[in-house]
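The values are calculated or read from the model by the stated rules, or taken from the named source; none is laboratory data. As the structure is a prediction and not an experimental result, all values here were calculated from the model. Here Cβ is always computed from backbone atoms with ideal geometry, including for glycine, and neighbour counts include all displayed protein chains. Just the protein is used for accessible areas: all its heavy atoms, side chains included, with ligands, DNA and RNA removed. Shrake-Rupley method; radii C 1.70, N 1.55, O 1.52, S 1.80 Å.
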Amino acid sequence: GMGGIGQVSLLPASPSSMPPSPSAAPKARDAAEAEVYEALATVGLRLQDLAFSADSPPPAPVREALRLLTAEGTLSDHGHFALERLRALALARAQGTDEAHLGREFDIIDGEGNLVLRRRRADVHRGGLWHRAVHVWVVCQDTCRVLIGQRAPSKHNDPLRWTCACGRVAAGDMSMATAVDLVDAEFSIKATPDVDLSLAFSLRCSTQIARGLFAGHLDNTIVDVYILRLEEEVPVQKVHFDHKSKHDVQYVSLEELQRALESRDEMFMIPPNDEYVPKLIQHLRRTCEIRGAALTAQHTKARIARGEMSEEFQGKV
């Protein structure tokens, strides 16, 4: 019950200094989780009590217990991350999605990009292992506007932030094939490799995951960034997006996107490192310029054919 809720013990600041209690030991995967299980018991909570979301908030007694649990000084920094992981795990178990999230397998790669082994996602993040991810930016060459999607609220990374079609390369899959599948699944756009879809650049990115099942763990990815060129914009109302991945879609100008990413606008994705934004904007701008130059040449040739331009310009086309 919630009887002993007033007597919250202040747990040690260092999670490693606390040995797992006998009851927590079988469940706790590390000292920080052991710290959380002990703290949960102190405030009379069980793991399943944490299975709540924004749509189904916890009852008042659970809320009060959590308030005590997250008060300053109660848990170490590692403990706060562990509490977030366990909260996400409780919710995923209640929804029956825990194995789908934790059990997905990725190919692990070494410093040279060679495939060395295959591991479950839970082990990949816990060990900070390097694996591939894919970003696909969709740009209309005619308007130079970029199609972006707002990530679903259930996403662990960047929930409700505006971004491109993005995801991880599953074990056994190829990067380009993943890019084609992602842009189809998230924006219902059919891409053709090396025709309208091309690899712009790849970057090694290392970030700490802030929330969800892998909170506090490292996300070490080699991100392959692709650009998908549209000759004309697909009207937003005709973009059938995957509601599990995206919440909404819109077009933004290249200038708006650059401003949002450079200023780290909280409504947009967090760039994975300092190199990402300059490289991305450079490639998107070049994509628009190539199209612009081709159209100018076409237009000039048409005018010459109609006799609208003098001979002196013909040699310059």
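Filter the trypsin sites (Lys or Arg not before Pro) in region 131-236 down to the DSSP loop ones having no more than 16 other Cβ atoms within 10 Å, then list what survives.
In loop regions of region 131-236 (DSSP not H, G, I, E or B), the sparsely surrounded trypsin sites (Lys or Arg not before Pro) are 190.
At what distance in nm do the modelled label points of residue 102 and residue 259 sit from each other, each positioned 7 Å from its Cα along Cα→Cβ?
Using points 7 Å along Cα→Cβ, the separation is 4.5 nm.
If you take every residue apart from residue 185 with its C-beta less than 10 Å away from the C-beta of residue 185, what net charge results, scoring Lys and Arg +1 and Asp and Glu -1? Mind showing how you got there, number by number?
Values: positive: 244, 246; negative: 181, 184, 186, 242.
Spelling it out: positives minus negatives among the neighbours equals -2.
Using a 7 Å offset from the Cα along the Cα-to-Cβ direction at both residue 41 and residue 194, what is the distance between the two label points in nm, to one decimal?
Taking the two extended label points, one gets 6.1 nm.
Mind ranking 135, 101 by accessible surface for me, highest first, 1.4 Å probe?
101, 135
Quick one: net charge of residue 132's neighbours, Cβ under 10 Å, K/R +1, D/E -1? All intermediate terms of the calculation are to be shown ahead of the outcome.
Working: positive: 168; negative: 107, 173, 224.
Summing Lys and Arg as +1 and Asp and Glu as -1 gives -2.
Once you have a ≥ b ≥ c as the square roots of the Cα gyration tensor eigenvalues for region 93-161, tell me rounded if a/c is under 1.5, and otherwise prolate or oblate according to whether a/b is larger than b/c. Provide the component values of the computation, followed by the final result.
Values: a/c = 3.28, a/b = 1.35, b/c = 2.42.
Oblate, because a/c is 1.5 or more while a/b does not exceed b/c.
Taking 8 Å as the Cα distance limit and 6 or more residues as the minimum spacing, I'd like the relative contact order of region 172-238 as a percentage. Intermediate results must be reported in sequence, preceding the final value.
Numbers: 70 pairs, mean separation 18.9, N = 67.
Relative contact order, region 172-238: 28 percent.
Starting from the amide H of residue 119, placed 1.01 Å from N in the peptide plane, find each other amide H under 5 Å away whose residue is 5 or more places distant or on another chain.
The list, which skips near neighbours in sequence, is 106, 108.
Under a 1.4 Å probe, what is the accessible area of region 108-231 per residue, stated in Å²?
40
State whether region 182-226 is rounded, prolate or oblate according to the following rule on the C-alpha gyration tensor (a ≥ b ≥ c being the square roots of its eigenvalues): a/c under 1.5 gives rounded; otherwise a/b larger than b/c gives prolate, and the remaining case gives oblate.
oblate
Tell me the net charge near residue 268. Cut-off is 9 Å between Cβ atoms, residue 268 excluded, with +1 for each Lys or Arg and -1 for each Asp or Glu.
Details: positive: 161, 264; negative: 158, 265, 266.
So the environment of residue 268 carries a net charge of -1.
Amide H to amide H under 5 Å from residue 133: which residues, 5+ apart in sequence or cross-chain, H placed 1.01 Å off N in plane?
169, 222, 223, 224
Per residue of region 65-82, in order, report the coupling 6.51 cos²θ - 1.76 cosθ + 1.60 (Karplus, θ = phi - 60°) as ³J(HN,Hα) in whole Hz, putting x for Gly and Pro.
Karplus-based 3J(HN,Hα) across region 65-82 equals 4, 5, 4, 5, 5, 9, 4, 4, x, 6, 10, 6, 4, 4, x, 5, 5, 5 Hz.
Please list, in order along region 118-135, the HN-Hα scalar couplings obtained from phi with the Karplus expression 6.51 cos²θ - 1.76 cosθ + 1.60 (θ = phi - 60°), rounded to whole Hz, x for Gly and Pro.
10, 9, 5, 4, 4, 6, 4, 6, 5, x, x, 7, 7, 8, 9, 10, 10, 10
Give a quick list of trypsin sites (Lys or Arg not before Pro) in region 33-90 that DSSP marks as loop, anything other than H, G, I, E or B, with at most 15 other Cβ atoms within 10 Å.
Numbers: sites: 46, 63, 67, 85, 87; in loops: 46.
Sparse-neighbourhood loop trypsin sites (Lys or Arg not before Pro): 46.
Once amide H atoms are built 1.01 Å from N in the peptide plane, which residues 5 or more positions from residue 268, or in another chain, come under 5 Å H to H?
So residue 268 has HN proximity to 162.
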